[in-house]
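All of the numbers you see were taken from the coordinates with simple rules; none came from a lab. If you're wondering where the values come from, they're calculated on a predicted model, not measured in any experiment. Ideal geometry is used to build each Cβ from the backbone, glycine not excepted, and the neighbour counts take in all protein chains shown.
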Amino acid sequence: MKIHYSNEVQSALNDHKPILALESTIIAQGMPYPHNLEFAQQAESICRDQGAVPATTAIINGEIYVGLEKNQIELIARDPSVKKISRRELGIALSRKWHGAATVSATMHVARSAGIRVFATGGIGGVHRGAEDTFDLSEDLTALGSIPIVVVSAGAKAILDIGRTLEYLETIGVAVVGYKTSEFPAFYSRHSGFHGIHQVNSAKHIARMYRNHTGCGLHSALLVANPVSEKDEIPAQDMESIIAAACTSAQEKNISGKKLTPYLLAEIVRATGGRSLKTNRALALNNVGLGAKISREVHK
Ligand code: PSU
Ligand code: MN
């Protein structure tokens, strides 16, 4: 796999400095312009402030980039031709010379190949509600089961079936820990009602767990669930009817496959009058901050 590195990422790789992988689907398909551009820039600056080099990953003209220049981030944020690319579609995107935003699964795949061990996103994809009929399970799950990197997320997106997502994470052997909590968070909300995950209270301990995880020869990810802050959360009971309505609307409009998650997120932004966008942005930036700290500890 041929990867173009930004100068900043290339020198961090040469000097063994901490690097944090960031995905780009959250930019291109997860948030509307220009909020997505502001978010992407802020994510990079928080990462640098915390002492890690941001490695935002995307495909431009059919080439893989790890670490984007300013104009490349702008292209991902505002060019409507940018496609959502998951791991299985990398070869297709390269052959077709597409612009592509990398999902969690695609970013994990590229990060491993680049030797980057820590990655921060908003919320992972998972088992969709009604998956018993649609079979809609995100490719993020299979990537988490087979790529040994630390993934920081605010839990699984609340639009999913969180209970089944947790069960599936167990089936595929993903280690799940909560940052300062033993309850798996629900993306927009701190609480999902699913208790009993292992609690870890510092980036240092997460780094040690990761070393032991890979030291045991495990090839799955260490998934760190980092709840959104209290001041930014939307309580789960406020979200539930909005999410249910968005899911019904997607069904009525026959929206499925890779279009489903972006549609649901946008519907929820609309229905909450932009409140969910603020929360999504806050939780993702919170994950970047923690991810950068973990990256520093992993590099010690
Ligand atoms: N987190 C967010 N917003 C997003 C995503 C994550 O806060 O848009 C993206 C990630 O790129 C993830 C994708 O891989 O949603 C999941 O899509 P799907 O459910 O189609 O697998
Ligand atoms: Mn899907």
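For the stretch 19-38, how many residues are surrounded by 22 or more Cβ atoms within 10 Å (Cβ to Cβ) and away from ligand 2 (no atom under 16 Å from the Cβ)?
The total comes to 9.
Condition first: away from ligand 2 (no atom under 13 Å from the Cβ), under 19 Å from residue 292 (Cα atoms) and not polar (S, T, N, Q). Can you find one or more residues in the stretch 137-144 that meet it?
No: the stretch 137-144 contains no residue that is away from ligand 2 (no atom under 13 Å from the Cβ), under 19 Å from residue 292 (Cα atoms) and not polar (S, T, N, Q).
Somewhere in the stretch 227-235, is a residue within 18 Å of residue 183 (Cβ to Cβ) and under 16 Å from the mean Cα position of the chain (by Cα)?
yes
Given the residues 254, 212, which is the only one that is free of Cβ contacts under 8 Å to residues at least 40 places away in the same chain, loosely packed, with under 14 Cβ neighbours inside 10 Å and farther than 22 Å from residue 138 by Cβ? Quick ask: steps written out before the conclusion?
Working: 254 fails: farther than 22 Å from residue 138 by Cβ.
So the residue among 254, 212 that is free of Cβ contacts under 8 Å to residues at least 40 places away in the same chain, loosely packed, with under 14 Cβ neighbours inside 10 Å and farther than 22 Å from residue 138 by Cβ is 212.
Quick grid of which residues meet (1) in contact with a Ser or Thr (Cβ under 7 Å, 6 or more places away or on another chain); (2) within 16 Å of ligand 2 (Cβ to nearest atom); (3) not acidic (Asp, Glu):
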site: 132; (1), (2), (3): no, yes, no
site: 146; (1), (2), (3): yes, no, yes
site: 149; (1), (2), (3): no, no, yes
site: 160; (1), (2), (3): no, yes, yes
site: 163; (1), (2), (3): no, no, yes
site: 180; (1), (2), (3): no, no, yes
site: 201; (1), (2), (3): no, no, yes
site: 204; (1), (2), (3): no, no, yes
site: 210; (1), (2), (3): no, no, yes
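Taking the conditions exactly as written (farther than 29 Å from residue 298 by Cα and touching a helix residue (DSSP H, G or I) at 6+ places or on another chain (Cβ under 8 Å)), does residue 34 satisfy them or not? It would help to see each step written out before you state the result.
Details: farther than 29 Å from residue 298 by Cα: yes; touching a helix residue (DSSP H, G or I) at 6+ places or on another chain (Cβ under 8 Å): yes.
Judged against the criteria, residue 34 is a match.
Which helices (runs of 4 or more DSSP H) does the stretch 84-178 wholly contain that include 3 or more residues that are in contact (Cβ under 8 Å) with a residue 60 or more places away in the chain and out of contact with any Pro (no Cβ under 6 Å at 6 or more places or on another chain)? Even if it seems obvious, please write down each step before you answer.
Values: elements: 90-95, 104-114, 131-134, 139-146, 162-171.
It comes to 104-114, 139-146.
Could we say that residue 259 is within 29 Å of residue 172 (Cα to Cα), within 21 Å of the chain's Cα centre (by Cα) and without any contact (Cβ under 8 Å) to a residue 60 or more places away in the chain here?
Working: within 29 Å of residue 172 (Cα to Cα): yes; within 21 Å of the chain's Cα centre (by Cα): yes; without any contact (Cβ under 8 Å) to a residue 60 or more places away in the chain: yes.
So residue 259 fits the description; yes.
Which residue, of 99, 16, 109, is surrounded by fewer than 18 Cβ atoms within 10 Å (Cβ to Cβ) and out of contact with any Phe, Trp or Tyr (no Cβ under 8 Å at 6 or more places or on another chain)?
Details: 99 fails: surrounded by fewer than 18 Cβ atoms within 10 Å (Cβ to Cβ); 109 fails: surrounded by fewer than 18 Cβ atoms within 10 Å (Cβ to Cβ).
Answer to the check: 16.
Would you point out the residue of the stretch 105-136, among those that are in contact with a strand residue (DSSP E or B) (Cβ under 6 Å, 6 or more places away or on another chain) and farther than 24 Å from residue 260 by Cβ, that is nearest to ligand 1 (Cβ to nearest atom)?
Ranking the candidates gives 111 first.
Which residues, taken from the stretch 84-130, are more than 19 Å from residue 21 (Cα to Cα) and away from ligand 2 (no atom under 13 Å from the Cβ)?
The answer is 91, 92, 93, 94, 95, 96, 97, 98.
Suppose we filter the stretch 252-286 for residues that are within 9 Å of ligand 1 (Cβ to nearest atom) and closer than 14 Å to residue 228 by Cα; how many remain?
Counting residues in the stretch 252-286 that are within 9 Å of ligand 1 (Cβ to nearest atom) and closer than 14 Å to residue 228 by Cα gives 4.
Please enumerate the residues belonging to the stretch 137-166 that are closer than 23 Å to residue 214 by Cα, away from ligand 1 (no atom under 12 Å from the Cβ) and not hydrophobic (A, V, I, L, M, F, W, C).
Passing the criteria: 145, 146, 148.
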